[in-house]
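Visitor: There's a structure below that I have some questions on.
The values are calculated or read from the model by the stated rules, or taken from the named source; none is laboratory data. What you see is a predicted model; the values in this text were computed from it and never measured. Glycine gets a Cβ as well: all are built from the backbone with ideal geometry, and neighbour counts include every protein chain shown.
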Amino acid sequence: MSKKRNGVNYSKSSPQQNRRRRAIQLLEFQLKKGTKTKKKTFDEQIPLTEKDIKRIKKEIENLKNKL
């Protein structure tokens, strides 16, 4: 039930795959929107930094590799 990549077993169960797909959708939407929520607030948005964009793109790539 798992797939081995780079020496690591990633679960291929349906709930975990769905969770990864939802995470990818949320991260792609955040990149498209270009903002993030400011810490300790719920409604205040601040622009993404270059560091944020790089981190999000890398995380999307990692999640896609695990699907």
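Visitor: Taking only pairs six or more apart or across chains, which ones have beta-carbon atoms under 8 Å, a first residue in the stretch 9-27 that is of a type in the set (A, V, I, L, M), and a second residue that is surrounded by 14 or more Cβ atoms within 10 Å (Cβ to Cβ) and in a helix (DSSP H, G or I)?
Guide: What qualifies is ALA23/LEU63; ILE24/ILE60; ILE24/LEU63; LEU27/ILE56; LEU27/ILE60; LEU27/LEU63.
Visitor: Can you tell me which of (1) modelled with pLDDT under 95; (2) touching a strand residue (DSSP E or B) at 6+ places or on another chain (Cβ under 9 Å) is the one GLY7 doesn't meet?
Guide: All conditions pass for GLY7, except number (2).
Visitor: Against the definition (in contact with a helix residue (DSSP H, G or I) (Cβ under 6 Å, 6 or more places away or on another chain) and either surrounded by 13 or more Cβ atoms within 10 Å (Cβ to Cβ) or modelled with pLDDT under 95 (or both)), how does ILE24 come out, yes or no?
Guide: yes
Visitor: While we're here: For the stretch 8-56, which residues satisfy the criterion of being under 13 Å from LEU67 (Cβ atoms) and aliphatic (A, V, I, L, M)?
Guide: ALA23, ILE24 - these are the residues of the stretch 8-56 that are under 13 Å from LEU67 (Cβ atoms) and aliphatic (A, V, I, L, M).
Visitor: Follow-up. Do you know which residues across the stretch 36-46 are under 17 Å from LEU26 (Cα atoms) and surrounded by 10 or more Cβ atoms within 10 Å (Cβ to Cβ)? Reasoning before the result, please.
Guide: Here is the first cut: in the stretch 36-46, the ones under 17 Å from LEU26 (Cα atoms) are 36-38, 42-43, 45-46.
Matches in the stretch 36-46: LYS36, THR37, LYS38, GLN45, ILE46.
Visitor: Quick one: would you say LEU67 is in contact (Cβ under 8 Å) with a residue 12 or more places away in the chain and either touching a helix residue (DSSP H, G or I) at 6+ places or on another chain (Cβ under 8 Å) or under 25 Å from PRO15 (Cβ atoms) (or both)?
Guide: Spelling it out, LEU67 is indeed in contact (Cβ under 8 Å) with a residue 12 or more places away in the chain and either touching a helix residue (DSSP H, G or I) at 6+ places or on another chain (Cβ under 8 Å) or under 25 Å from PRO15 (Cβ atoms) (or both).
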